[in-house]
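The values are calculated or read from the model by the stated rules, or taken from the named source; none is laboratory data. Just so you know, these numbers come straight off a predicted model, no measurement behind them. Positions of Cβ are generated from backbone atoms using ideal geometry, with glycine treated the same way; all protein chains shown enter the neighbour counts. Accessible surface is based on the protein model in full, side chains and every heavy atom, while ligands, DNA and RNA are left aside. Shrake-Rupley method; radii C 1.70, N 1.55, O 1.52, S 1.80 Å.
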Amino acid sequence: MSQGFAPFYDVNRTYEDNYLQGPFGAFAEALRNAEDSAPAAQPAGGEDFLGFRVNLPFGIPAGPLLNEKFTTAAFRMGFDLAVYKTVRSRAWSCNAFPNVLAVHPRNADGSLIPGSAELDEGVLADTRYELPISISNSFGVPSRDPDEWQPDMRKAIEAAGDGQLLVPSFQGSRVDGMDQDGYIADHVTTARLVCETGAGLMEMNTSCPNEGHNRLLCHDPHLVGRITEAVKNEIGDRPLIVKLAYIPNDADLEIMVKETAAHGTVQGFSTINTISAKLVDANGDQALPGAGRDRSGVCGNAIRGAGLDMVGRLNAIREKLGLDFAIVGVGGVIRPEDYRAYRETGANAVMSATGAMWNANLARDIKSTI
């Protein structure tokens, strides 16, 4: 790597190695030296996030916080919102290693533009990890068996400090022979398993391609509406957040809101996850190994513009419809000014995955400016 430090998720190790041996770098130090890992001074009073008081509505989204060790380390490093990596109703394997590569868009500012030709022509991906960082996200949403993740999630919830909140993420799993009713039922089953851990709220992931190659559940707002209604009937008063990918059309985004939040089944949206792109090596060949992996989600610096755009449009729809759902802004937050930009655009909370991986002190940096 180009930097002289270790991200808390080691991209040079397998997912399994990270799960069993991580976190690394400053997060590992925070676990070893709890008494020395107090976060920066907290903003006075804190803020309300979906009925919970948090010191600062900033944290790490679903993805790199694989288990309780990672979420506890995040809390100790001053991230007041920690999303436990997406779980399923059954064990689910990870894509083959490598899962993370450095991504180098053509634009001088390192950005990727939704709908641009570059996304289909190919974006260079390699192992040159340089700041400002953008990376691939090609894991396949792995999950441990509930018998393993439930007690670990319960421990993660209990490890949150004063003004901190653990947010479990879950999704349904479509398997061979399963019809749509069975798919909806699997979401409900998984939500119930999350409730059993003592979770006070949860996030439902609709932004990863478990509907088939590069197909996203959030592209079907009517089905999302059916699922969230069923899930909400199961979880009761617990707030439900829906994780969205980038949705380019305002009308489609408004339909999503009308099918969910307008019915009271969803209390917040987290957006965005990644931008899908064809990734190629220096020879123009497929960068990630294996069938169906010619494309990958890209996250980090490259998607900040798209994330801000989604938050701004979602905020406009919220105002237009007179609704009060929460918006969690995600994508390309690598500096304190990025946090401020998302808040000014309408986000009630902000999260950083890639930026936090490469700067474990990002939450402290943001708090020092407030």
Anyone know which of Ala28, Ala117, Ala306 comes out most mobile in the 10 Å Cα GNM of the chain?
Ala117
Heavy atoms only, 1.4 Å probe, whole protein assembly: order Asp17, Asp338, Asp162 by accessible area, highest first.
Asp162, Asp17, Asp338
On the formula 1/(1 + (r/R0)^6), with r taken between the Cβ atoms of Glu148 and Arg13 and R0 of 25 Å, the FRET efficiency rounded to 0.05 is 0.80
Roughly what would the spin-label model give for Leu323 and Asp252, points 7 Å off Cα along C-beta, in nm?
1.7
Ranked from the most accessible area to the least, with a 1.4 Å probe and all protein chains present, what is the order of Leu50, Leu223?
Leu50, Leu223
At 1.4 Å probe radius, can you tell me the per residue accessible area of the chain in Å²?
38
Can you put Asp309, Asp80 in order of accessible area, largest first, using a 1.4 Å probe?
Asp309, Asp80
Where Rh is the Kirkwood radius over the Cα pairs of the range 68-206, the temperature 4 °C and the viscosity 1.567 mPa s, what D in µm²/s does Stokes-Einstein return?
75
On the accessible surface of the range 118-273, probed at 1.4 Å with all protein chains in place, carbon and sulfur together account for a percent value of 46
The ratio Rg/Rh over the Cα atoms of the chain, Rh being the Kirkwood inverse mean 1/r radius, stands at 0.93
Give the Debye-formula value of log10 I(q)/I(0) at each listed q (0.12 Å⁻¹), with one equal scatterer per alpha carbon of the range 204-292, two decimals each.
-0.43
Per DSSP helix of 4 or more residues, -39500 (n - 2.57); summed, then divided by the residues of the chain. What does that give at 222 nm, rounded to the nearest 500?
-9500 deg cm²/dmol
Among all helices in the chain defined by DSSP H, which have a length of 15 Å or more along the axis from Cα atoms plus a Kyte-Doolittle mean of at least -1.0?
180-195, 221-235, 304-321
Okay, which of the range 150-192 sit inside 19 Å, backbone N to the point 7 Å along the Cα-Cβ direction of Ala91?
150-153, 171, 173-176, 190
Pseudo-spin-label distance Arg343 to Ile113, built 7 Å along Cα→Cβ, given in nm, is 3.1
